[in-house]
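Below is one structure, written out as structure tokens, with a few remarks after it.
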Amino acid sequence: MPAKQKDVKIEKVLSFLNEIGIDVVEKELEDTFLPGLSLGSNCIYIDYDKLLYPGDILHEAGHLAVTTSSERKLVGSSEMSPEWPTQSEEIAAILWSFAAANHLQLPLDFVFHPNGYKGDSDWFISNFSNKNYIGLPFLEWIGLTLSDDRALKEGKEAFPVMQKWLRD
């Protein structure tokens, strides 16, 4: 995908990330875990010439979003814990990206494409579409969203609606 030929879905994602305070920096990248993507201090680096799966942008944003604000500044540096992200944060990033796809009205296979998630994309789509929200207790615990019961008690909307997009 040539750098200047960003499609409507990518533009929608980039606008959303700008709104919630996650910077996106266009940068030439060498080999990365996800083609054309890397994380830095509160930002996502994108090499549009190497980007294969634009939905991965939301997954990477999810990693930043569920990380504490103090740790977000350390992402991509030697100061960041080698254990980051934890398994809880990984699952939370996956669920966060589902909420973001819903919010942006993007098809779920945009994020959960067949070449990602260790072959479990269909499993995530099936579970999340059936409201089996693996990771919801963690997202609720860090203050980003509400379960059905809590939303009902507080008179607010439940997940996949987010109360806020970034962890404090």
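The values are calculated or read from the model by the stated rules, or taken from the named source; none is laboratory data. Note that this is a predicted model, so its numbers are computed, not measured. All Cβ positions, even for glycine, are placed from backbone atoms using ideal geometry, and neighbour counts span all protein chains on display. Ligands, DNA and RNA are stripped out before the accessible areas are found, and what is left, the full protein with its side chains, is counted by its heavy atoms. Shrake-Rupley method; radii C 1.70, N 1.55, O 1.52, S 1.80 Å.
Name the residue, out of Asp56, Asp49, Asp31, that is touching a helix residue (DSSP H, G or I) at 6+ places or on another chain (Cβ under 9 Å) and acidic (Asp, Glu).
None of the other options fit; the residue is Asp56.
Look through region 1-44, keep the residues that are in a loop (DSSP other than H, G, I, E, B), over 21 Å from Asn115 (Cβ atoms) and of a type outside the set (A, V, I, L, M, F, W, C), and return whichever of them is modelled with the lowest pLDDT.
Taking the candidates together, the pick is Lys4.
Residues being open to solvent by 10 Å² or more (accessible area, probe 1.4 Å), touching a residue at least 60 places away in the same chain (Cβ under 8 Å) and either closer than 23 Å to Gly21 by Cα or assigned to a helix (DSSP H, G or I) (or both): count how many of those fall in region 99-115.
Within region 99-115, residues that are open to solvent by 10 Å² or more (accessible area, probe 1.4 Å), touching a residue at least 60 places away in the same chain (Cβ under 8 Å) and either closer than 23 Å to Gly21 by Cα or assigned to a helix (DSSP H, G or I) (or both) number 4.
Going through region 116-154 one residue at a time, which ones are in a helix (DSSP H, G or I) and surrounded by 16 or more Cβ atoms within 10 Å (Cβ to Cβ)?
Tyr117, Ser121, Phe124, Ile125, Phe128, Leu136, Phe138, Leu139, Glu140, Ala151
If the Cβ limit is 6 Å and pairs must be 6+ apart or interchain, which residue in region 60-89 that is more than 19 Å from Val13 (Cβ to Cβ) pairs with which residue that is among the β-branched types (Val, Ile, Thr)?
Partner pairs satisfying both residue conditions: Glu89/Val66.
Could you list, in sequence order, all residues of region 57-71 that are part of a helix (DSSP H, G or I) and farther than 21 Å from Asp47 by Cβ?
Those that are part of a helix (DSSP H, G or I) and farther than 21 Å from Asp47 by Cβ: Ala65, Ser69, Ser70, Glu71.
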